[in-house]
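Everything below concerns the one structure shown next.
Here, each number is a calculation from the coordinates, and none is a lab measurement. Quantities reported herein were computed from a predicted structural model and do not represent experimental measurements. Heads up, the Cβs are rebuilt from the backbone with ideal geometry, glycines too, and the neighbour counts pull from every protein chain shown.
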Amino acid sequence: MPNAAQAIGRHSATRPRSARLHLFNSGAGRFALDVESGRINRLAAEHAGVLDATLRLGDTRRAELTAVALGLSSILNVTEHEAPKSVPLKAISLAVAQKCNLGCTYCYAQQGTFGGEASNMPPDVAKAAIDQLIRTAETGETLTLAFMGGEPLVNRGTLHASTRYAARLAAARGIRLRFSLTTNATLLHEEDIELFQEYGFTLTVSIDGLQEANDRLRPYRSGKGSFKTLANNLSALLAVERRRYRVLARVTVTPKNLDLPEIMTGLLDMGFDAFMFSPMLSAPSGKDEMLADDLDCLLEQLIVCGNIFREALRQGRILPFTNIIKTLQRIHHYEREQYPCGAGGGYMGVSADGGLYACHRFVDDDDGHMGSVFGGVDTEKQSSWLEKRHLDKQSPCGSCWARYLCSGSCHYEAIKRGRPACDYIRGWLHYCLGLYSEILQAQPDAMSQILASH
Ligand code: SF4
Ligand code: SF4
């Protein structure tokens, strides 16, 4: 176990030394991010040296004034942003089945039940939720309807009926509706594939590695591994001609599956359209959560994967590595998001009995309760959530250079476990800032393609 001094040493380049300025290197030189504007400026070697030395001495104010004098930073005051009172719904996820056929060790949904009775969402609840989503939207808008659980294919009846109902309603109102489904891919039927094809779903398959790791972390309730069934069903999904749906892999990273480059190669060989890694930071059972050492290891492994991505790009191939692609897009657009995601704002999760919650992870949890699909959004609760969860209210984000790229990190994890992953988040952003500057200079056409990719 490394001691505190070792941890500080390891993260010394990425821990916040200034809330307005962040220095980083890449193959293309030395750079400074102006945190308020998002501008990335190349630094002359002597300027980089002066700024770095001043920050090392802890003289933040002098470093920031020097950056202004050098034209690297335009403003000295951190901008204040007001929290909105309400945000219209643009996306909902339906917990169509609060039950699951697997028994994953760390499951955030406690094997799908969220700690209550196993239940299916009746069609009338799904219909009321869809009405809620579509009713107030303007013609021409794009909305998202997501199916989650538990395992949504356990309640195939509601999934199919509500997809068709929502598509009809959206078409009648001139609204574009995107469908997505998160699944363990073990219960797939031919009729499901036909549904995904007809409505152009985005499918996210939860898979935690290749056979050995996946079977250990994602067994059936009997203890038997689920990988073989998943792999067979994936082959069926990918075999469809002129496929209109995408199949993405989502790997929940725990201390037991940290060999990311091997997993990445395996997922690409399996034919997934894209893949992403997401650390397990807060499990209701407390099992398999990532601790500080695990997060350090995750960062190292992700960077190895990032270097593989970089090498493939040099050979003219963009690997569908969502962690990198989304981060490069975020750096480029630098929208200074005040929330990490739409939870509790434009996005809400719906429980099987029709409760509205801040997102799919808050289902049946008072911390994120937001009303019901029958009574509508509780505007007082939403307004209070938006006020409390606003980036300006998150500590210690105000003093962090990464705040407009991270936006305070996942609400659920911050509420349940605090912010144990800041070094990992900043380490990854620091690496991606370097990658961004380098690709922009060496392969600008490739960067345009990355920015345009989904
Ligand atoms: S949650 Fe994000 S913005 Fe806040 S301190 Fe941690 S890394 Fe920085
Ligand atoms: S609060 Fe966390 S789990 Fe919920 S949508 Fe946001 S990032 Fe995802």
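Listing Ser180, Ser12 from the residue with the fewest other Cβ atoms within 10 Å to the one with the most, what is the order?
Ser12, Ser180
Where does the Debye-calculated log10 I(q)/I(0) of region 102-169 sit at q = 0.17, 0.24, 0.29 Å⁻¹, using only Cα point scatterers of equal weight, no solvent?
-0.69, -1.06, -1.30
Add -39500 (n - 2.57) for each DSSP H run of 4 or more in the chain, then divide by its residues: what number comes out at 222 nm, to the nearest 500 deg cm²/dmol?
Helix contribution divided over all residues of the chain: -12500 deg cm²/dmol.
Under the √(5λ) rule applied to the eigenvalues of the Cα gyration tensor, what semi-axes describe the equivalent ellipsoid of region 54-190? Give them in Å, descending.
In descending order the semi-axes read 45, 24, 13 Å.
For Glu262, project a label point 7 Å along Cα to C-beta. Then give me every residue of region 277-303 with its amide nitrogen under 16 Å of that point.
298, 301-302
Using only Cα positions of region 120-252, each an equal point scatterer, no hydration layer, compute I(q)/I(0) via Debye at q = 0.18, 0.21 Å⁻¹ and quote the log10 values to two decimals.
-1.00, -1.24
How long are the three semi-axes of the equivalent ellipsoid of region 26-83, in whole Å, if each is the root of 5 times an eigenvalue of the C-alpha gyration tensor, listed from largest down?
Semi-axis lengths for region 26-83 are 21, 15, 10 Å.
Identify all aspartates and glutamates with a Cα-Cα distance to Lys256 below 17 Å; exclude those on the same chain that are fewer than 8 residues away in sequence.
Asp208, Glu212, Asp215, Asp288, Glu289, Asp293, Asp294, Asp296, Glu300
Do the alpha carbons of any pairs in Lys326/Lys393; Lys388/Lys416; Lys90/Lys127; Lys90/Lys416; Lys127/Lys388; Lys99/Lys326 sit beyond 20 Å of each other, and which pairs?
Lys326/Lys393; Lys90/Lys416; Lys127/Lys388; Lys99/Lys326
Would you mind ranking His47, His454 so that the residue whose beta carbon has the fewest other beta carbons within 10 Å leads the list?
Placing the least packed residue first, the sequence is His454, His47.
Taking 0.36 nm per intervening residue step and subtracting the Cα-Cα distance, what contour gain separates Arg135 from His333 on full extension?
On the way: separation 198, 0.36 × 198 = 71.28 nm, distance 3.09 nm.
This chain segment gains 68.2 nm when fully extended.
Using a Förster distance of 51 angstrom, determine the FRET efficiency expected from the C-beta separation of Glu190 and Ala44, and round it to 0.05.
Computed FRET efficiency for Glu190 and Ala44: 0.20.
Give the order of Met370, Met270 when sorted by the count of other beta carbons within 10 angstrom, beginning with the fewest. Show your work: numbers first, answer last.
Values: Met370 23, Met270 18.
With the fewest neighbours first, Met370, Met270 line up as Met270, Met370.
Over its Cα atoms, what ratio of radius of gyration to 2.2 N^0.38 Å does the chain give? If you can, show how the numbers build up before the last one.
On the way: Rg = 22.7 Å, N = 454, 2.2 N^0.38 = 22.5 Å.
This ratio for the chain stands at 1.01.
With point charges of +1 on the Cβ of Lys and Arg and -1 on the Cβ of Asp and Glu, referenced to the Cα centre of region 308-454, which listed residue (Val373, Cys397, Ile425) lies farthest in the positive direction of the dipole?
Ile425
In terms of Cα to Cα distance under 20 Å, which aspartates and glutamates are near enough to Lys381, apart from those fewer than 8 places away along the same chain?
Candidates past the 8-residue exclusion: Glu82, Asp353, Asp364, Asp365, Asp366, Asp367, Asp392, Glu413.
Beyond 15 Å, what share of the Cα-Cα pairs of region 41-133 is found? Please give it as a whole percent.
76
What do you get for the angle between helix 227-239 and the principal long axis of the chain? Use alpha-carbon atoms, 0 to 90 degrees, nearest ten.
Between helix and principal axis, roughly 90 degrees.
When the scattering of region 276-413 is computed by the Debye formula from its Cα atoms alone, each counted once and equally, what is log10 I(q)/I(0) at q = 0.17, 0.22 Å⁻¹?
Per q value, in the given order, log10 I(q)/I(0) is -1.10, -1.33.
Return one number: the angle in degrees, 0 to 90 and rounded to the nearest 10, between the long axis of the Cα atoms of helix 190-199 and the longest principal axis of the Cα atoms of the chain.
Roughly 60 degrees between the two axes.
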